[in-house]
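Contents: one structure, followed by commentary.
The values are calculated or read from the model by the stated rules, or taken from the named source; none is laboratory data. Just so you know, these numbers come straight off a predicted model, no measurement behind them. Every residue, glycine as well, gets a Cβ built from its backbone with ideal geometry; the counts of neighbours run over all protein chains shown. The accessibility values were calculated without ligands, DNA or RNA, using every heavy atom of the protein model including side chains. Shrake-Rupley method; radii C 1.70, N 1.55, O 1.52, S 1.80 Å.
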Amino acid sequence: VTRRSRRRDAAASRLVFALHVQTVCMSHRIGLVGKPSVGKSTFFNAATMNDVPEGAYPFTTIDPSVGEAYVRVPCAAPEFDETCTPSVGVCRGGTRFVPVELVDVAGLVPGAHEGRGLGNQFLSDLNETDVLVHVVDFSGETDSEGERTTGHDPRTDIDFLEDELDAWYLTVLEKGIERFDTRYHGADPAIEESLGEQLSAFGIGPDELKQVILAEAIGLDPDAWTAADRAGLAHTIRTRTKPMVVAANKMDTETARANWETITDDPAYEHLSFVPVSAHAEKALKNAADAGVVTYTPGDDDFTIVDDVSPEQAAGLERVRAHVDAYGGTGVQAALEAAVFDVLDRIAVFPGTASGTVDEKGVFRDCFLLPASATTADFAHHIHSEIGEGLLHGIDCRTGRQIGTAHELAHRDVVELVSTNQ
């Protein structure tokens, strides 16, 4: 054993501890949104198995409920003939369930950007999330106010949420333009700097804002922008900073399936990702699994009845099976994973040790979700700023090859970080 390898082994042990300390506070936040009474709380409970109130009446959710949900990643441990010991989340049958925060935001009605209903609270809570899952009742059994009805067009709900968010962004954008116009022009900063201050709460900086303005081809002089230019700019900023997945809920009904065919084929919605969902089916399966009636792992495309059930229970489970067979699962896990991996474009990276050192608390304890363009340096800074500042290089634990600080990582990479600050 060389002196260098001993130093690396000791550093790896310290790194494992640092990872454990940091993991819990590095969760992505998924905002669960939609009008009242479409099954948002049922989706939330099914994803987290938390007990929040459910009901077919407006504003069941007043304050946002926050729970721990999970996205699935094939665990890397079996490739190294190891058994992982997750510091957070779980691993089942070689599948890692990585925690994310799920926020069930207070109910929304048209006019929220003007303060109607719980609009102001909704928008404030919404701004704390990274990506949205819009739960829509595809059966058309709730109207725009969340009241029971029949024949309601789900497109109305999809449009109203996008319109409300766009109107909210436009209001903030207009305030920024007004501030820019009232300043002494000789001392004005560039428009992207001025608007960047106003829009900073949305998570967009001056450089990205300038790219958006140039892409819109409206020029950098806000005095020349038309009302349509401003609305288009607000829409583009919103879609960049609050990307969205539509969870087409209640797809275990005939009317929902008919609506699915027409809506997902509509070119007006090509910019959105749709996932067929039955939140009720997911919650029923998890309840049955907890009771020992079925074996089921969240996200699976099948389940097995392992205990005696009544004729009524058997009929209910077969209805659930029909949906699972038709769509490859209940859709709850698929919606969360579409939000994180497809829309947010995240990859999973495992910290490892190329020397084979095993920490006393186990191996493959952590799995981090990073942007798809993340580099070795980004990974190091994500774990701890001091590790990033002292980063020398990384090691690809599958090949044993050294990788540079600017090396772009891939989904499910296993990387050891070599830093002077370990």
Q) Considering only protein heavy atoms, what is the solvent-accessible area of Thr304 at a probe of 1.4 Å, reported in Å² to the nearest 10? A) 70 Å²
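Highest mean first, what order results for 258-270, 326-338 on Cβ atoms within 10 Å?
On the way: 258-270: 12.8, 326-338: 23.0.
Put in order of decreasing packing, that is 326-338, 258-270.
Could you pull out the pairs from Lys40/Lys283; Lys35/Lys242; Lys35/Lys175; Lys40/Lys286 whose alpha carbons sit more than 21 Å apart here?
Check vs 21 Å cut-off fails for Lys35/Lys175.
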(Q) Take Ala410 and Glu312, extend 7 Å from each Cα along the Cα→Cβ direction, and tell me the distance between the two endpoints in nm. (A) 5.4 nm
Q) Sorted by packing (mean other beta-carbon atoms within 10 Å per residue), highest first, where do 251-257, 220-226 land? A) 251-257, 220-226
Q. Which peptide among 93-105, 309-321, 408-420 comes first, and what is the full order, when sorted by highest mean count of other Cβ atoms within 10 Å?
A. 93-105, 408-420, 309-321
Q. Pulled fully out, how much extra length does the chain show between Glu386 and Glu216, if you take 0.36 nm times their separation in residues and subtract their Cα-Cα distance?
A. 57.3 nm
Q. Measuring with a 1.4 Å probe in the full set of protein chains, what accessible area per residue, in whole Å², belongs to the stretch 220-346?
A. 45 Å²
Q: Take the Cα pairs of the stretch 282-422, get the Kirkwood Rh, then feed it into Stokes-Einstein at 4 °C and 1.567 mPa s and tell me D in µm²/s.
A: 72 µm²/s
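Among Val277, Val343, what's the order by accessible area (1.4 angstrom probe), most exposed first? Don't skip to the answer; put the middle values down first.
Working: Val277 0, Val343 40 Å².
Largest accessible area first, the list is Val343, Val277.
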